[in-house]
1. Per DSSP helix of 4 or more residues, -39500 (n - 2.57); summed, then divided by the residues of chain A. What does that give at 222 nm, rounded to the nearest 500?
2. Is segment A:2-108 rounded, prolate or oblate when judged by the Cα gyration tensor, a ≥ b ≥ c being the square roots of its eigenvalues, rounded requiring a/c under 1.5 and prolate requiring a/b larger than b/c?
3. By counting other Cβ atoms within 10 Å of each Cβ, how are B:ASP63, A:ASP42, B:ASP23 ranked from fewest to most?
4. Counting other Cβ atoms within 10 Å of each Cβ, which GluC sites (Glu not before Pro) in segment A:26-70 have at most 11 and sit in a DSSP loop?
5. Based only on other Cβ atoms within 10 Å, what is the fewest-to-most ordering of B:LEU227, A:LEU55, A:LEU71, A:LEU64?
6. Under 18 Å from the 7 Å Cα→Cβ point of B:THR150, by amide nitrogen: which residues of segment B:65-88?
7. Give me the distance in nm between label points sitting 7 Å out from Cα along the Cα-to-Cβ direction at B:VAL223 and A:ASN28, one decimal.
8. How do B:TYR74, B:TYR139 line up, fewest other C-beta atoms within 10 Å first?
Amino acid sequence: MANTESLDNVVLELRRGVIVLAVLSQLNGEQYGYSLLKLLSDQGLEVDQGTLYPLLRRLEAQGLLESVWKLEEARPRRYYVISAEGKKLLPKLKKEWAGIVSVMNKMLA
Amino acid sequence: MKLIDRYVTEVGKHLLVFKGREDIEKELRSTLEDMLEERAEKQGGSADEAMEIELLKEYGSPDEVATTYNPHPYLIGPRIFPLFLKILKIVLLSTAFGMTIVMIIELITQTPLMGSEFTEILGDGLGNILSTVISASGYVVLIFAIIERTVPDLGISKEDFDEKWDPASLAKEPDPNSVNRGELIAEIVFTFIGLAIINEIFYIPVFSDTFRRFVPWINAVFVTEILLDIYLLRKAVWDTATRIVKIAMEAGTIVIASIMLYTPNVITFSAEILKNIPESSSADIEIVARIFDIGVLIAFIVVIIVASIELVKAAIGLIRSYTRK
């Protein structure tokens, strides 16, 4: 019991760091929260709504995302897209990620 | 759709965010409606209440959902916690030290040594020290909790308060207009405690009625100081207006301290205390009283010097900011 709990915690920690990178990488085009959730899930990354929405707000507050409300099918939707600042940061994050992956692959091989 | 509306309103009630509440509610509503629509399509019918209930159940209780948005799960977050600890230590040590001095003065002036009154004052004094230390800690926690919630994330980082000195910081030329946030926070805490002391929230036996006449003026300076510091914390840089306020405030401090310096018996043993001095030790008391008076004199002079330095610093900053343009 305690073992699965600590496994869950470690997995959660691992994923938490990855989600920011995943979100930034998928927002080159406009997406609203729910469509982004499905986009991530279609590619195999399941993210909880309770994680994604506050994260989007935080990234916007940090200036990495921009958002705009649009009325669609009589439903207002908040569309998010990566900002200029986010675009500058993304390649650096990608490089960082590649470094981590190669180091960890060697370590775990 | 009634249920979703009620659910969203309920989440809104639990949100602790200052701005963007409506945005969050609107976004949540549109998400829930999207999800409901999708489910209905999958099942090949239109959405009904049972479906809505199922969806909301899965989404989680309004309280839980609101918690994911609430930005401050900490009373005092990790970003200012190191500074909090540092200042708490200083405040606890200095208040305990100050109250011990107050107790010793009382012991010397009010009782024959080792009488029953002596133990009484000792007991009261220790109780007094304890309660003062506890309420001082309360003030520090309160001030930091407010700072945690009002000062933007930008700029304040752990590094600002790190004791480790980074040689690389030498290479960067510091912006002459930028404020030192650690210093400002410390100033707010100590000014707040100063306010509490001069308004006699803690028991201080040495303030005379003459002193109390100055209290409204000192309060005005202290409150201005706190407001200015909070404003600077948010703004992060000095500008012409804040420098002028600072200069005016320091000038006010110098004027008040100078007048107090030349007013006799501003801070002294009060008449009641003097009444209680037993005849036999009156000579000793006189010496203690004289040392105390000199201490007060030095304190006022220190205040005047410090305020003058601050005033000159602000004035130089003001002049430089114009000559640079």
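FYI, it's all coordinate maths here, none of it is from the lab. Values in this document were obtained by computation on a predicted structure and should not be read as measured data. Here the Cβ is made from the backbone with ideal geometry for all residues, glycine too, and neighbour counts use every protein chain on show.
1. Rounded to the nearest 500, it is -22500 deg cm²/dmol.
2. oblate
3. Going from least to most buried by this count: A:ASP42, B:ASP63, B:ASP23.
4. Of the GluC sites (Glu not before Pro), the ones in loops of segment A:26-70 whose Cβ has at most 11 other Cβ atoms within 10 Å are A:GLU46.
5. Fewest to most other Cβ atoms nearby, the residues stand as A:LEU71, B:LEU227, A:LEU55, A:LEU64.
6. Counting backbone N atoms under 18 Å from the label point, the list is B:72, B:75-77, B:80-81, B:84.
7. Distance between the two pseudo-spin positions: 5.8 nm.
8. With the sparsest Cβ surroundings first, the list reads B:TYR74, B:TYR139.
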